[in-house]
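Visitor: Below you'll find the structure I mean.
The values are calculated or read from the model by the stated rules, or taken from the named source; none is laboratory data. Keep in mind that what you see is a predicted model, and the values were worked out from it rather than measured. Cβ coordinates were reconstructed from backbone atoms using ideal geometry, including for glycine residues, and neighbour counts include every protein chain displayed.
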Ligand SMILES: *Cc1c(COP(=O)(O)O)cnc(C)c1O
């Protein structure tokens, strides 16, 4: 094929940007969280392809760091993960079974979270069909109004324990709505309501906290914690310094350099108009790479210790940086600048774009060349 006889370039040299995922930092973050929760089991949430970083690469590293409990959102994510982790490692599916997927859950050894009485009834029917008791997590709604059994549902189960016949309840869970805001009274209220509701169900270990909940203190650790974001370096709250290691670096390539001066404009709408001579670099990352238009005029990149403001609007495949502060001798096409890196965290990018680090990670584009370091 002609493609093989052409010039050989490493993919990294063709891509507009290189995304480096530090797997050792993920393992360190996992161990830090384990130390924080002492006796509680520390699970690992790897839904949405490990928050966009690649479950295939991330899950084995977490397993080697000691994780034996993984959570995903969808049954299909669980099926894919089952091929990656060992047979002894437990996979829990947060959305639970749909009527057409109960048998797959059993076949691929996926433990469902049962979020409604319909799912309880479905799982009980599946246990009868399998002629064998089946593991499950019961989720109760302690106040977020998103997933889980209502207070009335829990009352119905307490009045009719046979409805859980054939179901081995080996975890009862709920989810906090405001855990990233430690002073919010909703945290205590949800904890209280969770304990009350769990007391009406068959005895089982309890789980209330995701990443941020872990940092609310040991009263929130209970039997098992379910961190996702913290594993990937996102700060658990904005009050304290981030104790977690940064995991991703995004190095973008400069495509062109030019001079602009008073009377000229940069980018769509010419929204940036310099008040004096400026040096502008066009960089090969745009909103089609998940780098939001919201960064235009608010975000920045770094070249070593030099801050480079993003000027004008972000295009689909490129954005513009003011690189006037970089010594001319260091400027050249093909140089790289950090859009995410030591000087600019995922949370910083999120703040500039008016969103949260979770959305930045799960939006990271498919055109980046991905490198994994361990
Ligand atoms: C996504 C999710 C988690 C992980 O949350 P993080 O804030 O990323 O740690 C835990 N539990 C449930 C129910 C979730 O949906």
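Visitor: Given the residues 288, 325, which is the only one that is at pLDDT 95 or above, farther than 17 Å from residue 340 by Cα and surrounded by fewer than 16 Cβ atoms within 10 Å (Cβ to Cβ)?
Guide: It is 325.
Visitor: Another one. What about residue 58, is it part of a strand (DSSP E or B), closer than 30 Å to residue 219 by Cβ and in contact (Cβ under 8 Å) with a residue 12 or more places away in the chain?
Guide: No.
Visitor: Being free of Cβ contacts under 8 Å to residues at least 12 places away in the same chain and closer than 30 Å to residue 186 by Cβ is true for just one of 116, 150. Which residue is that?
Guide: 150
Visitor: If I filter region 66-74 for residues that are part of a helix (DSSP H, G or I) and surrounded by fewer than 22 Cβ atoms within 10 Å (Cβ to Cβ), do I get at least one hit?
Guide: no
Visitor: Give the residues of region 239-270 that are in contact with a helix residue (DSSP H, G or I) (Cβ under 8 Å, 6 or more places away or on another chain) and under 30 Å from residue 206 (Cβ atoms), sorted by residue number.
Guide: Result: 242, 243, 244, 245, 247.
Visitor: Looking only at region 157-179, decide whether some residue is within 16 Å of the ligand (Cβ to nearest atom) and within 30 Å of residue 368 (Cα to Cα).
Guide: No, region 157-179 contains no residue that is within 16 Å of the ligand (Cβ to nearest atom) and within 30 Å of residue 368 (Cα to Cα).
A quick yes/no check of all residues on (1) within 16 Å of the ligand (Cβ to nearest atom); (2) crowded, with 16+ Cβ neighbours inside 10 Å:
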site: 214; (1), (2): yes, yes
site: 253; (1), (2): no, yes
site: 269; (1), (2): no, no
site: 292; (1), (2): no, yes
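Visitor: Would you mind finding the one in 91, 79 that is assigned to a helix (DSSP H, G or I), surrounded by 14 or more Cβ atoms within 10 Å (Cβ to Cβ) and at pLDDT 95 or above?
Guide: When all the criteria are applied, what remains is 79.
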